[in-house]
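The numbers here are math on the coordinates, done by the rules we state, and not lab data. Keep in mind that what you see is a predicted model, and the values were worked out from it rather than measured.
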Amino acid sequence: MIFAKHSIRSEDEAAFEAEKWSQLWLSENGQKILADKRLLENAQQVKIIEKQIEYTYRLIEHKRKIIEQENMDMEKKMIDWLKVNQRLLRIFEAMKDREVEMIYAAERCKQRNIQARVFVI
């Protein structure tokens, strides 16, 4: 009977030891599997972030080109506006010169009329 009890204990101890090693192996394997899974998830997240960064760079480049084109268009409009303003300024100055000439001519006509009346009288 003592032998039987000892034998049962050793079977229980062996089973316990086997279970302990099994759990240790599973936990180590499980940790490796979890670590591998986390690495895979991280790699996938990195790829997603890289795609988002690439998309952001393309979007920024596209917006930059649009703004550059708008700036070029505005520059062309400003140059055209400046040309029109300069042309209008020349016309205005010519009109002022013409106005002075006409005032002078009207004054001369007035003086001639006065002189003609003096001679007629």
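Here are some notes:
- Between Arg64 and Lys83, the contour length at 0.36 nm per residue exceeds the alpha carbon distance by 4.0 nm.
- Taking each residue as 0.36 nm, the span from Val46 to Glu99 lengthens on full extension beyond its C-alpha to C-alpha distance by 11.4 nm.
- Hits among lysines - C-alpha to C-alpha of Lys65 under 22 Å, sequence gap 8 or more where chains match: Lys51, Lys76, Lys77
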